[in-house]
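The structure appears right after this line, and notes come after that.
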Amino acid sequence: MLRVITAMFTITAAQLHAGAWPRDEGQVFLSFSVESETEFPYRTYSALYVEYGATDKLTFGLDIGGDTTEMSKAIAFFRYPGKTSPGGLRTAWELGIGLADGDFAFRPGISYGLGIKWGEIDGWLGLETRSIIFTNGLAGTFEADATLGLSISKRNKLIFQLQSGMPPLEQTYIKIAPSLVREQSPGRHLEIGAAAGVMGTDEFKIKIGTWRQF
């Protein structure tokens, strides 16, 4: 299992949002993405995500996003790994502080990750959970993203993600978000994908993003 994890993350998670895996010391990961609705009024959502490995275990980051009318989040966070189980399951604890929906909020979370191998294909499973806790006394939102990633070739990766949320005053939702990631040059990747509602929402969005690691 350790060989699977090492081989896989040499070519995949180093370029991904690390989840349960800490960013290497001194390493920077930067991603920028744009999602656009396919129906009127064609709202566009942009997101900037940054991680920095302060040490081999401690990762700092920024998570910023908003649509064409307002910024919906601006969170600074740190992540620290827990113990790895004998079976290779990793955990990491995270705490974020910043703005969510225009109000000051805390965002605690926990991530789980496991390296897998499917025939000759290396991959990973991840689960990231987080809660938005507002300091003004309003109920927050619980979110959970489940991810399956597969390195289908040396330069191409397939990612399948289930995105779910439980807003306090709105209906619980689930979305499916597949994407294809292609390495354009060392440390630089292009992502093309989509997101479609399967419960609680019927929206459909297309996504394009870029990742840089240095």
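The values are calculated or read from the model by the stated rules, or taken from the named source; none is laboratory data. Since the model is a prediction, treat every value here as computed from it, not as a measurement. Here the Cβ positions follow ideal geometry from the backbone for every residue, glycine too, while neighbour counts run over all protein chains shown. These accessible areas exclude ligands, DNA and RNA; they are computed on the full protein's heavy atoms, side chains included. Shrake-Rupley method; radii C 1.70, N 1.55, O 1.52, S 1.80 Å.
Contact order, relative form, for the chain: 17 percent (alpha carbon pairs under 8 Å, 6 or more residues apart, mean separation divided by residue count). For the chain, the longest principal axis of the alpha carbon atoms and the long axis of helix 2-11 meet at an angle near 60°. Here the accessible area of the chain is 63 percent carbon and sulfur, with a 1.4 angstrom probe and all protein chains present. Would you mind checking K73/K154; K117/K207; K57/K117; K73/K117; K83/K205 for any pair whose Cα atoms are more than 31 angstrom apart? Check vs 31 Å cut-off fails for K73/K154; K73/K117; K83/K205. Classify segment 59-214 from the C-alpha gyration tensor, please: rounded if a/c falls under 1.5, else prolate or oblate depending on whether a/b exceeds b/c. It is prolate, given that a/c is not under 1.5 and a/b is the larger ratio. Label positions at T172 and L89, each projected 7 Å from the Cα along the C-beta direction, are separated by 2.1 nm. If you take all other residues with their beta carbon under 14 Å from the beta carbon of A146, and give Lys and Arg +1 and Asp and Glu -1, the sum is -1. Taking a point 7 Å out from the Cα of A144 in the direction of its Cβ, the residues of segment 112-132 whose backbone N falls within less than 20 Å of it are 112-115, 124-132. Accessible area per residue for the chain, computed on protein heavy atoms with a 1.4 Å probe, is 55 Å². Working ranking of peptides 176-188, 97-109, 121-133 by packing, defined as the average number of other Cβ atoms within 10 Å per residue, highest first, is 121-133, 97-109, 176-188.
With both labels modelled 7 Å from their Cα along Cα-to-Cβ, the F160 to E39 distance reads 2.6 nm.
Round to the nearest 0.05 the FRET efficiency obtained for V50 and W118 when R0 = 41 Å and r is the Cβ-Cβ distance. E between V50 and W118, to the nearest 0.05, is 0.85.
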